[in-house]
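Step one of this worksheet: look at the structure below.
The values are calculated or read from the model by the stated rules, or taken from the named source; none is laboratory data. None of the values given here were measured: they were computed from a predicted structure. Every residue, glycine among them, receives a Cβ derived from its backbone with ideal geometry; neighbour counts consider all protein chains shown. Accessible surface areas use protein heavy atoms only, side chains included; no ligands, DNA or RNA. Shrake-Rupley method; radii C 1.70, N 1.55, O 1.52, S 1.80 Å.
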Amino acid sequence: MGRLHLFEFEDQKWFPSFLRNYGTDFLQFLSNKTKLYKPIIPILEKGLAANGKNVMVDLASGGGGGLLWLNSELLQKYPDLKIVLTDYYPNRSAFEYTKQQAPNFEFIATSIDARKVPESLEGLRTQFLSLHHFKPHDARLILQNAVDSKSPIAIFEAQERSIPSILAMLFSPISVLLTTPLIRPFRWGRLLFTYLIPIVPLFVLWDGVVSSLRTYSLKEMDALVNSLENKDTFTWEINRVKSGPGVILYLLGTKKN
């Protein structure tokens with residue numbers, strides 16, 4: 001199945017930001033409750049070790065709350081860990097809420113482009129469930145910028161371009177309906193646009209299916225890496241790990257000593 005870069009509501013400038021935030025809030029709640037990222041802790045540890053600083057600069061963070069459980073686990077080994085949340089469309093209220101839950105989170109309130117990260121943001125660059133939002137040219141720019149700045153980078157996708165992954169997405173509206181009352185911070189609007197006017201479950205369904213169709217395969221990630229200038233200055237690891245009933249695809253790039 002070839003990669004299809006269809007549109008996602010979440011990417012559209014005209015799409016109301018509060019609806020976009022309700023969608024990312026759902027994804028973050030689910031990732032924390034299911035401990036989705038548990039299998040990737042060793043991969044992040046490799047990236048942090050290569051960086052030499054216990055700092056993660058998260059790109060395209062959404063609301064950032066999806067990292068809360070992962071952060072609690074990493075703090076056991078890295079008590080001085082700092083995670084900096086960034087996004088092209090920063091959700092400041094969600095960033096602030098995440099920081100209230102774990103004070104080692106920081107955030108940038110202004111827009112940060114993952115294709116051209118400011119040099120002042122030093123640390124292991126991470127992307128969770130976001131690479132598929134970028135077309136190949138832009139995905140390459142993200143990786144090239146990491147190489148040019150000698151910054152380690154770790155990218156994770158919790159879906160793949162496959163029939164089982166797409167079928168799993170078809171059940172996402174049920175998950176939205178069941179979990180919405182449990183999502184914090186509480187918002188009356190979240191209830192309104194989930195149950196009375198069911199925009200949230202419908203757009204989560206559409207964006208979920210499209211995310212699967214957009215996801216880069218391991219071979220396509222490898223092709224992106226092979227197209228980079230000075231790629232041999234980095235060590236690259238591209239693979240998949242099992243996470244519950246699904247898988248997480250990942251790409252880790254670290255500078256050679």
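Which residue is nearest to the chain's Cα centre (by Cα), if the candidates are limited to the stretch 12-31 and must be polar (S, T, N, Q) and open to solvent by 30 Å² or more (accessible area, probe 1.4 Å)?
Here is the first cut: in the stretch 12-31, the residues polar (S, T, N, Q) are 12, 17, 21, 24, 28, 31.
Pick out the ones that are also open to solvent by 30 Å² or more (accessible area, probe 1.4 Å) and you get 12, 17, 21.
On the way: 12: 17, 17: 18, 21: 14 Å.
Looking at residues that are polar (S, T, N, Q) and open to solvent by 30 Å² or more (accessible area, probe 1.4 Å), I get 21.
Could you check, for the stretch 143-161, whether at least one of its residues is among the charged types (D, E, K, R), out of contact with any strand residue (DSSP E or B) (no Cβ under 7 Å at 6 or more places or on another chain) and either more than 16 Å from residue 249 (Cβ to Cβ) or open to solvent by 70 Å² or more (accessible area, probe 1.4 Å) (or both)? Explain how you work it out, then say what you get.
Within the stretch 143-161, the subset among the charged types (D, E, K, R) is 148, 150, 157, 160-161.
Applying the additional criterion that residues be out of contact with any strand residue (DSSP E or B) (no Cβ under 7 Å at 6 or more places or on another chain) yields 148, 161.
If we keep only those that are either more than 16 Å from residue 249 (Cβ to Cβ) or open to solvent by 70 Å² or more (accessible area, probe 1.4 Å) (or both) as well, we get 148.
Yes, the stretch 143-161 contains at least one residue that is among the charged types (D, E, K, R), out of contact with any strand residue (DSSP E or B) (no Cβ under 7 Å at 6 or more places or on another chain) and either more than 16 Å from residue 249 (Cβ to Cβ) or open to solvent by 70 Å² or more (accessible area, probe 1.4 Å) (or both).
In the stretch 38-53, what count of residues is obtained for those that are on the phi > 0 side of the Ramachandran plot and part of a helix (DSSP H, G or I)? Quick ask: steps written out before the conclusion?
Initially, the stretch 38-53 is screened for residues on the phi > 0 side of the Ramachandran plot, giving 52.
Still in the list and also part of a helix (DSSP H, G or I): none.
Number of matching residues: 0.
Between a first residue in the stretch 99-119 that is in contact (Cβ under 8 Å) with a residue 24 or more places away in the chain and of a type in the set (Ser, Thr, Tyr) and a second residue that is buried (at least 18 other Cβ atoms within 10 Å of the Cβ) and part of a loop (DSSP other than H, G, I, E, B), which pairs have beta carbons less than 8 Å apart while being 6 or more apart in sequence or on different chains?
These pairs meet every condition: 111/87; 111/90.
Just one of (1) closer than 24 Å to residue 25 by Cα; (2) open to solvent by 40 Å² or more (accessible area, probe 1.4 Å) trips up residue 189, so point out which.
Looking at each condition in turn, residue 189 falls short on (2).
Out of the helices (runs of 4 or more DSSP H) lying entirely within the stretch 76-179, which hold 1 or more residues that are closer than 21 Å to residue 22 by Cα? So that I can check it myself, show each step before the final result.
Numbers: elements: 92-101, 136-148, 163-169, 172-179.
Of the helices (runs of 4 or more DSSP H) lying wholly inside the stretch 76-179, those with at least 1 residues that are closer than 21 Å to residue 22 by Cα span 92-101, 163-169, 172-179.
In the stretch 91-107, which residue that is over 16 Å from the mean Cα position of the chain (by Cα) and open to solvent by less than 50 Å² (accessible area, probe 1.4 Å) is nearest to residue 186 (Cα to Cα)?
Within the stretch 91-107, the match that is nearest to residue 186 (Cα to Cα) is 102.
Identify the residue in the stretch 205-223 that is surrounded by fewer than 16 Cβ atoms within 10 Å (Cβ to Cβ) and in contact with a strand residue (DSSP E or B) (Cβ under 6 Å, 6 or more places away or on another chain) and, among all such residues, is farthest from residue 4 (Cα to Cα).
It comes out as 222.
Please enumerate the residues belonging to the stretch 226-257 that are β-branched (Val, Ile, Thr), surrounded by 17 or more Cβ atoms within 10 Å (Cβ to Cβ) and either without any contact (Cβ under 8 Å) to a residue 12 or more places away in the chain or farther than 17 Å from residue 1 by Cβ (or both). Steps first, answer last, please.
At the first step, the residues of the stretch 226-257 found to be β-branched (Val, Ile, Thr) are 233, 235, 238, 241, 247-248, 254.
Now restrict to residues that are surrounded by 17 or more Cβ atoms within 10 Å (Cβ to Cβ): 238, 247-248, 254.
Matches in the stretch 226-257: 238, 248, 254.
Checking the condition open to solvent by less than 60 Å² (accessible area, probe 1.4 Å) and out of contact with any helix residue (DSSP H, G or I) (no Cβ under 9 Å at 6 or more places or on another chain), which residue from 72, 111 passes? Break it down stepwise before answering.
Numbers: 111 fails: open to solvent by less than 60 Å² (accessible area, probe 1.4 Å).
Just a single option satisfies the conditions, and that option is 72.
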